[in-house]
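J.: After the structure tokens below, expect a handful of questions from me.
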Amino acid sequence: MLKLYYSPGACAMASHIALEEAHAEYELVKIDLRKGEQKTPDYLAINPAGVTPALVTELGVLTENAAIMAWLARTHPEANLADLDSPFQFARMQAFNGFLAASLHPAIGKAIFSHPALEGAAKVQAETAALAKYDLVEHHLLKGPWAMGEQYTVADGYLSVFTRWARLNDLLDRERFPKLNAHLNLVQSRPAVIKVLHLEGLQPALASHEPLVAH
Ligand SMILES: N[C@@H](CCC(=O)N[C@@H](CS)C(=O)NCC(=O)O)C(=O)O
């Protein structure tokens, strides 16, 4: 059976959502990032990068959300988690996911999860840089209602991880990011996502809330 190594509320939630959307059979293994469990020899033997997620499959370990989600979409075609008929549209979805992985995730991660926490001008600078990435998604990448247009894809669960973080940190302004706010609400209403939040011991991110605890 598939085994997902994850940390509650962290980016592995994107792969977790894809597993649920695919109706895959899987088990969860929780890695506590605050305790440093991602750097233990046992976990490094699974993912030498020392980060979650990692998905153990019959063929070996897959890392990187974008790769895990693409593999799940292709191995569970009946779930319609990507446009599998068009190599071009599939590549476009991967461009979206690549942007999240390589650009938006590091930017928002720096703004809200730095150790020690950023303060003053450094915090403002990091938030400004991160929000410029969200602007790009709001105005250019997110087609609506779903990331790629009319069909839900794994890119939607992935985007929702980062809009959730932004909302929990009062950064997802409703005037500035109307499409991203509507998208997060839509994703959070999906049965698979409701189940993932429950399994990870989390609440949906609503408009008013407590700040997210840094991991
Ligand atoms: N690009 C990677 C990023 C993985 C990643 O950075 N995971 C974070 C949680 S969101 C992590 O495990 N951090 C622990 C650490 O850096 O020690 C992916 O999408 O899988």
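J.: What is the number of the single condition among (1) open to solvent by less than 10 Å² (accessible area, probe 1.4 Å); (2) under 24 Å from A24 (Cα atoms) that Q151 does not meet?
T.: So Q151 meets the others, but not (1).
J.: Also: For T57, work out the one condition from (1) within 13 Å of the ligand (Cβ to nearest atom); (2) more than 21 Å from P191 (Cβ to Cβ) it doesn't fulfil.
T.: For T57, the exception is condition (1).
J.: Moving on to the next point. Output the residues belonging to the stretch 21-39 that are out of contact with any strand residue (DSSP E or B) (no Cβ under 9 Å at 6 or more places or on another chain) and of a type in the set (D, E, K, R).
T.: Within the stretch 21-39, E21, D32, R34, K35, K39 meet the criteria.
J.: Select from the stretch 72-131 the residues that are of a type in the set (D, E) and open to solvent by 70 Å² or more (accessible area, probe 1.4 Å) and write down the one among them that is nearest to the ligand (Cβ to nearest atom).
T.: Pass one, the stretch 72-131, residues of a type in the set (D, E): 78, 83, 85, 119, 127.
From what is left, the residues that are open to solvent by 70 Å² or more (accessible area, probe 1.4 Å) are 78, 85, 119.
Working: E78: 25, D85: 26, E119: 21 Å.
So, considering only residues that are of a type in the set (D, E) and open to solvent by 70 Å² or more (accessible area, probe 1.4 Å), the one nearest to the ligand (Cβ to nearest atom) is E119.
J.: I would also like to ask the following. Could you grab me the full set of residues in the stretch 5-36 that are without any contact (Cβ under 8 Å) to a residue 60 or more places away in the chain, in contact with a Ser or Thr (Cβ under 7 Å, 6 or more places away or on another chain) and among the aromatic types (F, W, Y)?
T.: Y5
J.: Is at least one residue of the stretch 39-59 of a type in the set (D, E, K, R), over 21 Å from F96 (Cα atoms) and touching a Leu at 6+ places or on another chain (Cβ under 9 Å)?
T.: Yes, the conditions are met somewhere in the stretch 39-59.
Let's see how each residue does on (1) closer than 22 Å to A155 by Cβ; (2) open to solvent by 30 Å² or more (accessible area, probe 1.4 Å):
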| position | (1), (2) |
| --- | --- |
| M1 | no, yes |
| L19 | yes, no |
| I31 | no, no |
| I46 | no, yes |
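The values are calculated or read from the model by the stated rules, or taken from the named source; none is laboratory data. All values derive from a computational prediction rather than experimental measurement. Heads up, the Cβs are rebuilt from the backbone with ideal geometry, glycines too, and the neighbour counts pull from every protein chain shown. Keep in mind that these areas ignore ligands, DNA and RNA; they rest on the heavy atoms of the full protein, side chains included. Shrake-Rupley method; radii C 1.70, N 1.55, O 1.52, S 1.80 Å.
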